[in-house]
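Asker: I am attaching a structure below and will ask some questions about it afterwards.
Throughout, read-outs are computed from the coordinates displayed, never taken from laboratory work. These numbers come from a predicted model, not from an experiment. Virtual Cβ from ideal backbone geometry, glycine too; neighbours counted across all protein chains shown.
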Amino acid sequence: MNVKVLVMLLLLPFQATAQGFAGLGTTAEEFARPILGTALEFPADHGPHPEYRIEWWYLTANMTGPDGTPYGLQWTLFRSALAPRGGEGWDTPQLWMGHAAVTTPSAHHVAERLARGGIGQAGAEADPFNAWIDDWHMQGPDLDQLSLTASGTDFAYDVDLTATGPLVLHGQNGYSVKSAAGQASYYYSQPFYDLSGTLTLPAGDVAVTGSAWLDREWSSQPLAEDQQGWDWFSLSFDNGDKLMGFVLRGDTDYTSGTWITADGAATALPNGAFSATALSWHAVAGREVPTEWQIRLPDRSVDVTVTAINPDAWMQTSVPYWEGPVTVSGSHAGNGYLEMTGYGQ
Amino acid sequence: MSWTVLAALASYWRRNPLQLVTLLVGLALATALWSGVQAINAEARSSYDAAAATLGEGSYAQITARDGGAIAQQEYIAMRRAGWAVSPVIEGRIDGVRIVGLEPLTAPGGLGPVNLGAGTDLGAFLTGPGQIFARAATLDRLPVLGAQRVIAPDVAPNTVLTDIGIAQRLLGRAGQIDRLIVLPDQPITRRPLSDIAPDLAQATPQGGGDVARLTDSFHLNLTAFGLLSFAVGLFIVHGAIGLAFEQRRPMIRSMRALGVPLGRLIALMAVELAILALIAGAIGIALGYVIAAVLLPDVAATLRGLYGADLSGQLTLRPAWWLSGLAIALGGTAVAASGVFWSLARMSLLSGAQPRALAMAQRGGAQAALAMALLTLSAVMAIWGEGLLAGFAMLGALLIGGALALPPLLALVLKLAEAPARTPVAQWFWADTRQQVPGLSLALMALLLAMAANVGVSTMVSSFRLTFVGFLDQRLASELYVSAEDAAQAATIVAVASDRADAILPILSVDRTVAGLPAEIYSARDHATYRDNWQFLRAMPDAWNRLARGKGVLINEQMFRRAKLDLGDAIALAPDVRLPVLGVYGDYGNSIGQVIVTEALFRSLYPDVTALRFGLRTTPDEAPALRAALRTEAGLSEAAMIDQAAIKALSLSVFERTFTVTTALNVLTLAVAGFAILMSLLTLAAIRLPQLAPVWALGLTRRRLALLDLLRALVLAALTAVLALPLGLALAWALLAVVNVEAFGWRLPMYLFPLDYIRLTALALLAAALAALWPAWRLSRIPPARLLGVFSNER
């Protein structure tokens, strides 16, 4: 075993059998735990929370090119702490991981970066806002105006984001429960970004416009021991309403979500209100992954089919998962992003 | 039936234990020398491989500071943030142990073959007191460092792997990096290196690593030595097998007459030989292991001192090594026995019962012709051959041809010596000596090869030493060499030294591609230091003055040979700068090309390169004072100053160790050859009785006969030594001027060392005398009844 593999395994010990996806089910030990009733404070909470074990800045975007071709884009910065402290220099236990992807109907480009905290190679700052790893950044005067870049060996992008609506707090004012046993995380989103910019693909540059959705989440143990992964949906309907919903797969499934109206009013969905049923499965990277879903939210008369634009949107990163743009049809039309984790080989 | 036949075959060895011992010991010694050398080489190679794998040398491009100094950590961050997929490495030594700090998150996969194993705590590796990974022996050499010690056998010898943060702390070099490993996959938006960090330079992967290539020269020599030793041993084996088969002809005839099919007989004899070869091979491998274990510390010290290559002083038994040892013992036996089997297969049922050992003399003419053909082939390949393979083929043809030429030459010389002999005893002595040459020829060939190998290798090693020391003299002409960390310190050095040093010679260099080859461009200030000390391999007249006027460049021998340049050929340094080659200088141990230009031209071509290294001229007496001043006034650390005298002393001590190894191998090969002579004489002693008995009957005492035998052995050894000298010199020339050039791109000048040759000849005579002593003593004590018996038992 080389150091790299080892690092991967320790950074995010992936043992789907007993401890959930990417080690998110391991015990939190001395790390801080989310507490119900804690008010989120902005812009401070846009920055990192080193006392918590994991955290991410997770942006997905649905875009179209000049010829109407749909594209998807992902930019994610993960923070993973070996110990609940910050600190400067090599000695800091804060590790960072970046994932970036561009999905076209026929191709899926992925890049991954790893970095130590404390030396300036990667990090996040709340005000003015900046989150970066290597040459990738999500940067702006604040969270409403962002420039976003990333690059890999065969792709790059450089886009600008402008928020057209408010931040949305999930669960109970940002306290999002992840299991019947009470595991929880802090979770808020900015789902109202307009996007414009350029994708650099092997065939050349493509000017794109579209919309983007940013998720911010931090916790120390968001999954229960028996939960092996999740199916997460962020859907934007053509009428302006949005739906975030996820299924945490375990001995019994746990669902949660948020209904977001066009003006940004959010309603938390209790366990069981939202349902997702796999309609067809697709073989990718030696596994079977559902890439067509039936989504139902009877309270809002939502009964839609969610279909992957490119069913091969597999993230072949150190912790592999599926993440890609989808189209929505049925009772509502629209688009969105689908993330599926914990599908073993 | 097979068992019966095998038992019959084995009965011969029971009756002739001496021949059995000859065969086994000869083969065992041959295998021992060969496998001992191979063990040393294999150990060294695996150490380099481990080092290369640990440190990314060889397989990845590297970025280093142009001035050879440290890279600031902020510069690394700047490169990462400009899209460069690079990983930092810091290196240093604590108590002589190489400390390597890696950054595991950015390091390429496969780097650092540390088997951290399950349950290792990444947090403990990256943070807190940290962890150091090394072999147990390496850890034992380190003082208490605070970091947790982890035994990791896969780490290169004398090397400690740890996190870069921990390494910076242990080495007291916070915020510093020595080099950046460039990952093969780079983002497409990466900005040019010159925009982000113009003071850094990228070097392409070396493919095998610098150290391995440099040390190849040393290993090639060792291998050549091992091969020659094996050839010597093979002659012994060939002799023993040949004799055994010759003497068993009557038995073979009897067995065939009794109905044993020829095919089965040959197969069973092959089985018999294979068993003997396996036994001898196993003994030989055990002996080889002992030889390697004894020599390895010296070899390791040599390589560390000469090339900076770390080598474990401990020997590990590698399957590839002992398997190859057994294979070569079996193969060698097969080669030695093939002729015997061939003649056996063609032997008609009822003929050939007579031993033919002494009839071999009749084949002298054919042997001389073959020797001539091989020597001619060798000469042809020396003149027109190209490539390393041709170089080795030439070596082989030279040695075998030389060995085959020995018996006819000896016969010729002895015949000439016999002509002026007048007394009956003298005439008999020469005639009898000539008569014995065929029986002793294999042993004498072994002595010839051993002697030639020793002359060749000691010539080469000594030439290397003379050249290298001379090269150090010209390269290290300044009394003190200092390197600054940055431009500010460089300025301080110049200020401090200008009062005290006689001259300050800045050393400027950049890595560029010249004439399509990777090369270093150096600047030389016009100073007597260079004019006085540097010697050219070839040069135009007035080369220094023309260089000083910017009318040309100097190139090293590697550049000269690889780019096939000649004096006066123009080389391009920049689009509009083409200059002729004024001279070629030797640059031993360097693996790439080098070009020297004037300081003025260098500064105009590369204005952004500042000099951080300086050669300081002063009188040797004042060097310590200058050193002290630089330490106190310019803040230079001791490590940043190199004393010319210290370097030279170190180099010489390294060569002393090389000589230890060479001398040990010399003695061993001569011992093998001496053993061959002893065995041949003992075998001949029995056969010769019918020839000695009449001489004894005519009045020569046994004591006199024994003295004459001793004298004969010395005469033959002396003649062989005389013939070995030119062969050894030819061998040295082939190694230095052909194989070395093909393998490494530079030619070592050859020097002659008559005193060494006299010493070697004395050693060879001593070996022959020792070998002849026991047979002579036995002869002097032989019961007269046995001599008398010759007459009564006469066939």
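Asker: Can you tell which of A:195, A:73, A:82 shows the greatest fluctuation in a Gaussian network model of chain A with Cα springs below 10 Å?
Answerer: Highest fluctuation of the listed residues: A:82.
Asker: Using the Karplus curve 6.51 cos²θ - 1.76 cosθ + 1.60 with θ = phi - 60°, work out ³J(HN,Hα) for each residue of the range B:20-26 in order, rounded to whole Hz, and write x for Gly and Pro.
Answerer: Karplus values, whole Hz, x for Gly and Pro: 4, 4, 4, 4, 5, 5, x.
Asker: Most fluctuating residue of A:171, A:272, A:229 in a GNM of chain A with Cα springs under 10 Å: which is it?
Answerer: Of A:171, A:272, A:229, the most mobile in the Gaussian network model is A:272.
Asker: Further, regarding this structure: May I ask you to derive the FRET efficiency for residue B:538 and residue B:788 from their Cβ-Cβ distance with R0 = 60 Å, giving the value to the nearest 0.05?
Answerer: Result of the calculation: an efficiency of 0.25.
Asker: Report the FRET efficiency, 1/(1 + (r/R0)^6), for residue B:531 and residue B:488, where r is their Cβ-Cβ distance and R0 is 35 Å, rounded to 0.05.
Answerer: It comes to 0.65.
Asker: Label points 7 Å out from Cα along the Cβ direction at residue A:301 and residue B:425: separation in nm?
Answerer: It works out to 13.7 nm between the two label points.
Asker: Return the distance in nm (one decimal) between the two label points of a simple spin-label model at residue A:181 and residue B:707, each offset 7 Å from Cα along Cα→Cβ.
Answerer: Roughly 10.4 nm, to one decimal.
Asker: Test of understanding: extend the Cα→C-beta vector of residue A:162 to 7 Å, then name every residue of the range A:194-215 with backbone N under 16 Å from that spot.
Answerer: A:194-198, A:208-212
Asker: Return the aspartates and glutamates within reach of residue B:551: Cα separation strictly under 17 angstrom, same-chain partners fewer than 8 residues apart disregarded; answer none if there are no such residues.
Answerer: Partners within reach: B:526, B:542, B:566, B:569, B:576, B:599.
Asker: Over chain A, with a Gaussian network built from C-alpha contacts below 10 Å, which listed residue (A:264, A:165, A:87) shows the highest mean-square fluctuation?
Answerer: In this elastic network of chain A, the residue with the biggest mean-square fluctuation among A:264, A:165, A:87 is A:87.
Asker: Please report the Cα spread of chain A along all three principal axes, rounded to whole Å, starting with the longest.
Answerer: Result for chain A: principal-axis Cα extents of 51, 46, 42 Å.
Asker: Rounded to the nearest Å, what's the spacing between the alpha carbon centres of the range A:296-326 and the range B:758-795? Just the number, please.
Answerer: Taking the Cα centre of each part, the range A:296-326 and the range B:758-795 sit 97 Å apart.
Asker: What's the magnitude of the charge dipole for chain A around its Cα centre, counting Lys and Arg as +1 and Asp and Glu as -1 at the beta-carbon? Answer in Debye, nearest 20.
Answerer: Here the size comes out at about 620 debye.
Asker: Related question: Cα gyration tensor of the range B:474-648, axes a ≥ b ≥ c as square roots of the eigenvalues: rounded (a/c below 1.5), prolate (a/b > b/c) or oblate?
Answerer: Prolate, since a/c reaches 1.5 and a/b exceeds b/c.
Asker: Just to confirm my numbers, what's the Cα centroid distance between the range B:182-199 and the range B:59-107 in Å?
Answerer: Cα centres, the range B:182-199 to the range B:59-107: 14 Å.
Asker: Determine the gain in length on full extension of the stretch residue B:174-residue B:327; use 0.36 nm per residue of separation and subtract their C-alpha separation, reporting nm with one decimal.
Answerer: Here the answer is 49.8 nm.
Asker: Points 7 angstrom from Cα along the Cβ direction at residue B:625 and residue B:435: gap in nanometres?
Answerer: The answer from the label model is 8.2 nm.
Asker: Put +1 on the Cβ of each Lys and Arg and -1 on the Cβ of each Asp and Glu in the range B:474-648; which of B:628, B:572, B:480 then has its Cα farthest toward the positive end of the dipole?
Answerer: Looking along the dipole axis, the top candidate is B:572.
Asker: Just subtract the alpha-carbon distance of residue B:759 and residue B:251 from 0.36 nm times their residue separation and send over the number in nm, one decimal.
Answerer: 178.2 nm
Asker: Taking θ as phi - 60°, what are the ³J(HN,Hα) couplings along the range B:750-765 by the Karplus curve (6.51, -1.76, 1.60), each to the nearest whole Hz, with x for Gly and Pro?
Answerer: The phi angles translate into 9, 10, 9, 10, x, 4, 4, 5, 5, 4, 5, 4, 4, 4, 5, 5 Hz.
Asker: What trypsin sites (Lys or Arg not before Pro) in the range B:394-471 are in a loop by DSSP, with at most 16 other Cβ atoms within 10 Å of the Cβ?
Answerer: Of the trypsin sites (Lys or Arg not before Pro), the ones in loops of the range B:394-471 whose Cβ has at most 16 other Cβ atoms within 10 Å are B:422.
Asker: Please order A:135, A:154 by the number of other Cβ within 10 Å, starting at the fewest.
Answerer: A:154, A:135
Asker: Suppose R0 equals 56 Å; then what is the FRET efficiency for residue B:691 and residue B:469 from their Cβ-Cβ distance, rounded to the nearest 0.05?
Answerer: According to the calculation, E is roughly 0.55.
Asker: Separation of the range A:109-158 and the range B:466-502 by C-alpha centroid, Å?
Answerer: So the separation of the two Cα centres works out to 46 Å.
Asker: Divide by every residue of chain A the summed helix terms, -39500 (n - 2.57) for each DSSP H run of at least 4, and state the resulting mean residue ellipticity at 222 nm, rounded to the nearest 500 deg cm²/dmol.
Answerer: Helices in chain A give a 222 nm mean residue ellipticity of -500 deg cm²/dmol.
Asker: Right, here's the next one. What is the order of B:564, A:178, B:551, fewest Cβ neighbours within 10 Å to most?
Answerer: Least crowded to most crowded, the residues run B:564, B:551, A:178.
Asker: Size of the range B:556-619 along its principal axes in angstrom, Cα-based, largest extent first?
Answerer: 37, 31, 20
Asker: Determine the sum of side-chain charges near residue A:48: Lys and Arg each +1, Asp and Glu each -1, restricted to other residues whose C-beta is under 10 angstrom from that of residue A:48.
Answerer: -3
Asker: Still on this structure, I have one more. Going by how many other Cβ atoms sit within 10 Å of their own, how do B:578, B:603 line up, fewest first?
Answerer: B:578, B:603
Asker: On to the next question. Looking only at Cα atoms, what is the convex hull volume of the range B:60-201 per residue, in Å³?
Answerer: So the per-residue hull volume is 113 Å³.
Asker: Let me ask another. Using the Karplus curve 6.51 cos²θ - 1.76 cosθ + 1.60 with θ = phi - 60°, work out ³J(HN,Hα) for each residue of the range B:543-552 in order, rounded to whole Hz, and write x for Gly and Pro.
Answerer: 3J(HN,Hα) across the range B:543-552, in whole Hz: 4, 5, 5, 5, 4, 4, 7, x, 8, x.
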